[in-house]
Structures are given as C-alpha cells and as structure tokens.
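The values are calculated or read from the model by the stated rules, or taken from the named source; none is laboratory data. As the structure is a computational prediction, the values presented were derived from the model and not from experiment. Positions of Cβ are generated from backbone atoms using ideal geometry, with glycine treated the same way; all protein chains shown enter the neighbour counts. The protein model used for the area step is the full one, side chains on, heavy atoms only, and it has no ligands, DNA or RNA in it. Shrake-Rupley method; radii C 1.70, N 1.55, O 1.52, S 1.80 Å.
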Amino acid sequence: MGKVKITVLFLLMISWQSGVLGQDIVFLGEGRMEEVRLFWIPAKGWDDNLDGFNVKRKVGENWILLNSTPIVPGTSITKGLDNLGLGDKTNNLVEKRQTMIRSGNLKSIETDDMIDALKNENTVKGLSVALNLDFDVALISGFGLVDREIGDEGFYIYGLFPVYDGQETDKPVSIFEWENRTTPEYKVSMQGALKSASSKRKEVELVWKVDIEEYKKYDVLNGFNIYRKSEGGEYTRLNETPIWVSLKQKSASLYYKDEGVDLEKNYTYAAAPNTIFNTHGTYAEVKVEVQEMPETMNPPVLSAPEKGQNSLLMNWSFSNTQEPFIKGFYVQLADENNVFGNISELLAPNIRSFNFLKAPEPDNKYYHFKVIAVTQDGLELWSNRKIFFNKVITTPSAPQTLSTELVADNGQRSVKLEWQAPAQNAEHVTEYYLYSSSPGDDRVVKEGSLNSIIETSYIFPVYNTRAAQYTFAISATNDQNEESPLSEKVTIMVPSESLPFVNIWPVTKENGVITLNWKYPEDILDLAGFRLFQNGELIADENTLEAGSRQWVSSQLEPGNYNYELIAVSLTDVQSEKSQARKFNIE
C-alpha cells in the first residue's frame, strides 16, 4: 500500500467557520463477498456540537449499532481503533498509524483539534483528497468502518447517524444499500496500446483511452492504477498514488512510463480504475512482447499531399511488421532555408495519415514535406520528399442569374441571354462559354463556333421556323483556361414563325352529311387547333377543333352548294394558309 502524505494538509488548519451538516454529507460504501466498507466525509464544514457518528445496519424494522462508541475524528496515537469493525486486523491498523506518524507521513492530531479545524470548509476538501488516497487513513482518521459480520440476509441497509452533545439523531443522515454476496464491477471502457518500448533504455511507454462518461457513473472511483506481471506471475501495482486524468471531455488519455524494465522478458500491463476503498475495477490489459530490432528497416513512403478546405492531408505507407520497432512518426515541413521541422506531435506507430490544419493560405509557393519514423533506439527513417505547389485559386465560380428573352430584329428571331458575373474570382474571367441544346433536348453542349463572349449577354439566333424548346447554360473561364461550373440551366419556348399548309383529304358525302379528314404534323408544340370555313364563313374554331383534331362531321345539310376551307392556328395566332377548298353539292 503506497505512502500517503497528509501532514501538510493538517498543518493548514488555521481558521474555521461553522457549517450546516444536515443531509449535506458524503456517505459511500462498497460491499464484497466477505465484508462491507463504509466511508463518509462532510461535504462542507463540521457542524457545531457534532461529536462524531454511529453506523448502524438495519435488521427488519430495527437499526443495529455496529460501533461500540461513536467514531470521532483524530489521528492521535492514543485514539482507540477497536470500534471500526476490524476485529483481529485492528492491530495491523494501529501499527500502520504508528509507522506513518514516526515517518512523518501522518501528523498526530487530537480529536478536539481536528474538529475545530474541520469547521473550515477548505480543510474538509483537503482532508477528503487525502482520505480518498488510502482507505486505511480514512479508518485511522475516523471516517470509515468495516462490517465483517455478514450473515445470510439478502439485502443490507446501512445508516449514518450523527451524535450531537452525546445524543444520537433519530434518523440517519444518509444510507447505503448492498445486495448480499455480490461484488461491484466498475466497468470503464479503456482501450490500451503500447506507445513505445526500448530494450536499450529499459523502458516501456503505454497509453489507454478512457471513457470518461462511464468513469463518472461511479462515485467511489478515484483515479487509476497501473499493474504489471510477467508470464505466469501475479499483477504488481506500479504507482504509489492514483493517476488522474482530465474529466472535462468525454474521453481522456492515461499515460504511463515504466522504467528499468528487463525487456528480455514478456510482460502484461493493465490499467484499472481505483476506488477509495483500496479496491479497483476491471483490468484493461496490454501485452508487451519486445522483439529484436531488425538490422535493416524500410522508411515510410509519403504520398502527394491532398488539398482540403484550409488543410493538407498527408498519407504514407509503412510496413505493419515494423511497427513494434518504432516509437512513432513525425510529419515535417521545410522552412525557407530548407531545414525540416516537425509540424505534428509524435504519432502512434499504427497511424498512416495526418491532416495539417495550419496550412498556409494559397500563395503560389512550393512547400516540401516528409515523414520520419523514429525507432525505439532513437534513429530516424526518412521518407521521400513530396513537393506541394500552393496554388492561388483563380477558377471562377458559376455565372449567376441567367435569363432569356425572345427578340426580333429585321425579321430575324433570336434569344437574348443575360447573366451576372461569378460571385468568386470574377476579376479573373477572360471570356464566357455558351452551352445550348438542340430543339426539344435539355442536354446542353458547348457552342464551339462562336466568337469570344466577353460581355455578360449574348444574342442567339433561331433559324427553326417551328416552335421548339431551347435550353441554355453559361460558364466562365480564366487566363489559365480553367473553366467554372455551369450556371443554372434556363429553358425557353420559341413559338412557331409559320405553320404548314393543311390538306383536307379524304372526304365523304352520304345522305346529306359531309365528313372532312386531314393529316397534320404531330410535333408542332404550340399548335392551338384549326379553323373551318363554310362558304367563307367561320363555323368552327380552335376551341372546337383542338390541336389533336383530324376530322370534322357536319350535321345533315340542306340542299345546296358547299365550299370548305381549313387553316391551322398556333397559340400565338400564327396562321397557315387556307387549304384547298373542298366543294360539295347537296341535292
């Protein structure tokens, strides 16, 4: 059991203030197969007129006293320790107290003096830290008890009863419950790894990644212990006092360096959470088998840096079989004098990439990188050098807000396109490219036969006389011929300029009823329908003879002569020439 320095803590007791005890007390316990260990400490200052505490176990509806006299603070060599439930182990605790006092690791303090000192809340906090290091010290100081008289009851309840001016309170200020014949398991996820091992320096470095969220679930945990055993041996604790890690994040790294190790043997190391009761949680093991360093080792092979958003990603290859012989990797960058320096911490032997988050802003300069592997003996294996050109990005972004408008000039129909310059790198734009589709197709291709487009507008002539949909997009390019993404596509309907002639055929006349039939192209997108004239007068328009109509049947006609003519009409009222008249005589 490690030595605990609490002398300084007790020497700091120079002033005090009254605190309110009430329910404000820490009362913790741990039950194992053969005994229950109990620990308490005021959360604030010691209450006025408080003598000490009694500890009771509940049997049925009754509370059974476990200590013969109230348990009071103090480390005086004359204070009895026979009321703590230790039985035949009491003498062991008495001897430990004497040894610690003689060695200066524990100051002998009378009960009244300690009670006065504990009225200072800061003193209580300091004492709590010291007591958490060694449960034996908590017993010696009057803040613990062990119940070794475990019977057959299925469930145990312990109560802590304050004693004021010789009178015990009616109810406990706190209780601890334990299910008989069970042993607590403090399961804290810990992933261990060998960081480095050197036969020459006789040292081993290890690291465990600790799940802090799981650690915080257990009130009795107090740091971590590190253990080691050789093949076939038992674990030996290596650290005298617990090792602590930061509890601010969800995970933390626990480091330990074991020095003076004979690495001709194989070892198993373990880390485990430590409790205030001198017990520990589940082991997280790491096996260390040191192999002979090979005579030759291959260096890392660095790949070309990959540009990210304000970062550079470095990737390299390295033989997995060589990992046990290195401490890790450094990524390095050359300065203006071609002197390489580290830009990373020492990376673990199993790491093969590094994201350089402090990459300089683009400046059209060259940067030289390499990776070195550091062997267990301190030698460096240099990778190849990779050069990165930190190019200033001048590629424009896509042109913006493309719009279209149908215009006509001297009878020539055209689509007028207008857009805004790119939002990024517009000052580097040298010209624009026009992408267009064939009529009725939304797939755009670059127009290769146009003159350079410098302005943010263009007149696109349309030669097709029939209605068609056209789709357009614009891109921008810079003086390096780097082309931007396309703008958003815009589609426009160009109406028919003329419509084809309608031919009425075949026709029939039967019993005074005339039937007219005709054929007409199906691909005229803006065809509204047809207008039918009888003897020069309109008798049916496009609301009756819609675009899909290809037949007209008269009602039964009176005797006489009838002429019929038909024209096609578009949505914009473009009309075809009248068809050839079909003449009928009804007798």
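Here are the numbers:
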read-out: Every pair of residues 6+ apart whose Cβ atoms lie under 7 Å, when the first sits in the range 341-359 and is over 23 Å from Thr321 (Cα atoms) while the second is open to solvent by 30 Å² or more (accessible area, probe 1.4 Å) and assigned to a loop (DSSP other than H, G, I, E, B); value: Gly341/Asp335; Phe356/Ile343; Ala359/Asn310
read-out: The listed residue being of a type in the set (Ser, Thr, Tyr) and closer than 20 Å to Gly448 by Cβ, out of Ser487, Ser496; value: Ser487
read-out: Selection count where residues are open to solvent by 20 Å² or more (accessible area, probe 1.4 Å) and in contact with an Asp or Glu (Cβ under 6 Å, 6 or more places away or on another chain), scope the range 513-541; value: 3
read-out: Residues of the range 212-269 that turn out to be over 18 Å from Lys195 (Cβ atoms), touching a residue at least 12 places away in the same chain (Cβ under 8 Å), polar (S, T, N, Q) and not in a loop (DSSP other than H, G, I, E, B), as a count; value: 3
read-out: Criterion (over 46 Å from the mean Cα position of the chain (by Cα) and farther than 18 Å from Ile64 by Cα) met by exactly one of Lys119, Lys125, Lys171; value: Lys119
read-out: Hits in the range 64-73 - residues which are crowded, with 20+ Cβ neighbours inside 10 Å and at pLDDT below 95; value: none
read-out: Selected residue (only one of Thr465, Thr394 is in contact with a helix residue (DSSP H, G or I) (Cβ under 7 Å, 6 or more places away or on another chain) and in a loop (DSSP other than H, G, I, E, B)); value: Thr394
read-out: Residues of the range 554-587 satisfying the condition of being part of a strand (DSSP E or B) and open to solvent by 80 Å² or more (accessible area, probe 1.4 Å); value: Asn561, Gln575, Lys583
read-out: Residues satisfying the stated conditions in the range 542-553, i.e. without any contact (Cβ under 8 Å) to a residue 24 or more places away in the chain and either in a loop (DSSP other than H, G, I, E, B) or buried (at least 18 other Cβ atoms within 10 Å of the Cβ) (or both); value: Leu545, Ala547, Gly548, Ser549
read-out: Checklist (1) at pLDDT 95 or above; (2) part of a helix (DSSP H, G or I) applied to Asp88, failing item; value: (1)
read-out: Residue in the range 364-385 that is in contact with a helix residue (DSSP H, G or I) (Cβ under 8 Å, 6 or more places away or on another chain), open to solvent by 60 Å² or more (accessible area, probe 1.4 Å) and either under 30 Å from Thr477 (Cβ atoms) or of a type in the set (S, T, N, Q) (or both) present; value: no
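A quick yes/no check of all residues on (1) open to solvent by less than 40 Å² (accessible area, probe 1.4 Å); (2) without any contact (Cβ under 8 Å) to a residue 12 or more places away in the chain:
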position	(1), (2)
Thr75	yes, no
Thr78	no, yes
Leu84	yes, no
Asn92	no, yes
Glu95	no, yes
Ile115	yes, no
Leu131	yes, no
Phe135	yes, no
Asp152	no, no
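Yes/no matrix, rows are residues, columns are (1) modelled with pLDDT of 95 or more; (2) open to solvent by less than 60 Å² (accessible area, probe 1.4 Å):
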residue	(1), (2)
Asn225	yes, yes
Gly233	no, yes
Trp244	no, no
Ile276	no, yes
Thr282	no, no
Gln291	no, no
Pro294	no, yes
Pro300	yes, yes
Lys327	no, yes
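So that you can scan it fast, the table gives a plain yes or no per residue for (1) in contact with a strand residue (DSSP E or B) (Cβ under 6 Å, 6 or more places away or on another chain); (2) of a type in the set (S, T, N, Q); (3) open to solvent by 60 Å² or more (accessible area, probe 1.4 Å):
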| residue | (1), (2), (3) |
| --- | --- |
| Thr404 | yes, yes, no |
| Glu418 | yes, no, yes |
| Gln424 | no, yes, yes |
| Asp441 | no, no, no |
| Ser449 | no, yes, yes |
| Ser452 | yes, yes, yes |
| Phe472 | yes, no, no |
